[in-house]
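All remarks here apply to the structure that follows.
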Amino acid sequence: MAKDNTFDIVSEIDMQEVDNAVNQTRKEITQRYDFKGSAAEISLNGQQIETNSANEYQISAILDILQSKFVKRGLDIRALSAGKIEPAAGGRYKQKLDIQAGISKEKAKEIVAIIKKSGLKVQSQIQDDTVRVSGKNRDDLQAVIAELKERDLDIPLQFVNFRS
């Protein structure tokens, strides 16, 4: 009997690289002319990035800088979920950015539905924040990967633990 081939679909982000991107953003904020004297801040607290500045324009500029640092460091900007810009104390503004790691139950169900609709002879099962796909034919597994890469699921996906 032929052995099944498997791989896992995950959504992970390297938190050390996120920390580096935040630090580079903080450094650029201190050096840019349009931020002089504004005491703009950015900080990383667990799975959340917080920005604080004197006006909404600067909050948007901080987000743009952070996204460019993410791209330069090889991080997927879809991992950032930006909240709305809110007024803070002292006439300042703040924004919280959540870092999405792991696949939510809803997204996992959506991925499984896409795999089932493809008509390929593979099985998929949800395991916590990952989706495991198994099948006898490697080509079917590669077709599943190609199908999911084609779709825009609003989260970064990685395909790991390919075993045969």
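Which of the pairs Lys69/Lys107; Lys36/Lys96; Lys72/Lys116 have their Cα atoms more than 32 Å apart in this structure?
The pairs that break the limit, which is 32 Å between Cα atoms, are Lys72/Lys116.
Mind checking the dipole of the range 15-99: about its Cα centre, +1 per Lys or Arg Cβ, -1 per Asp or Glu Cβ, Debye to the nearest 20?
140
Efficiency by 1/(1 + (r/R0)^6): what FRET value for Glu150 and Thr30, r their Cβ-Cβ distance, R0 = 30 Å, to the nearest 0.05?
0.15
Treat the count of other C-beta atoms within 10 Å as a stand-in for reagent exposure and order Lys69, Lys84, Lys117 from fewest to most.
Going from least to most buried by this count: Lys84, Lys117, Lys69.
From the phi of every residue in the range 45-61, what ³J(HN,Hα) in whole Hz does the Karplus formula 6.51 cos²θ - 1.76 cosθ + 1.60 yield, where θ is phi - 60° and glycine or proline is x?
10, x, 9, 9, 10, 10, 10, 8, 7, 6, 8, 5, 4, 5, 4, 5, 5
Once Rh is set to the Kirkwood radius over Cα pairs, what Stokes-Einstein translational diffusion coefficient, in µm²/s, holds for the chain at a temperature of 4 °C and a viscosity of 1.567 mPa s?
Rounded, D is 73 µm²/s.
Considering only Ala108, Ala39, Ala82, give the residue with the highest GNM mean-square fluctuation for the chain, with springs between Cα atoms whenever their separation is below 10 Å.
The residue with the greatest mean-square fluctuation here is Ala39.
Could you identify which residue out of Ala21, Ala54, Ala88 has the top mean-square fluctuation in a GNM of the chain using Cα springs shorter than 10 Å?
The residue with the greatest mean-square fluctuation here is Ala88.
So if we plug the beta-carbon distance of Gln47 and Val160 into 1/(1 + (r/R0)^6) with R0 = 30 Å, what FRET efficiency do we get, rounded to 0.05?
The computed FRET efficiency comes out at 0.90.
Rounded, prolate or oblate, given the Cα gyration tensor of the range 15-99, with a/c below 1.5 counting as rounded?
Oblate.
How much FRET efficiency would the formula 1/(1 + (r/R0)^6) give for Arg132 and Lys94, where r is the Cβ-Cβ distance and R0 is 41 Å, rounded to 0.05?
In this case the efficiency is close to 0.55.
We did not get these values from a lab; they are worked out from the coordinates using the rules stated. Bear in mind the structure is a predicted one, so any value in this text is a computation, not a measurement. Glycine gets a Cβ as well: all are built from the backbone with ideal geometry, and neighbour counts include every protein chain shown.
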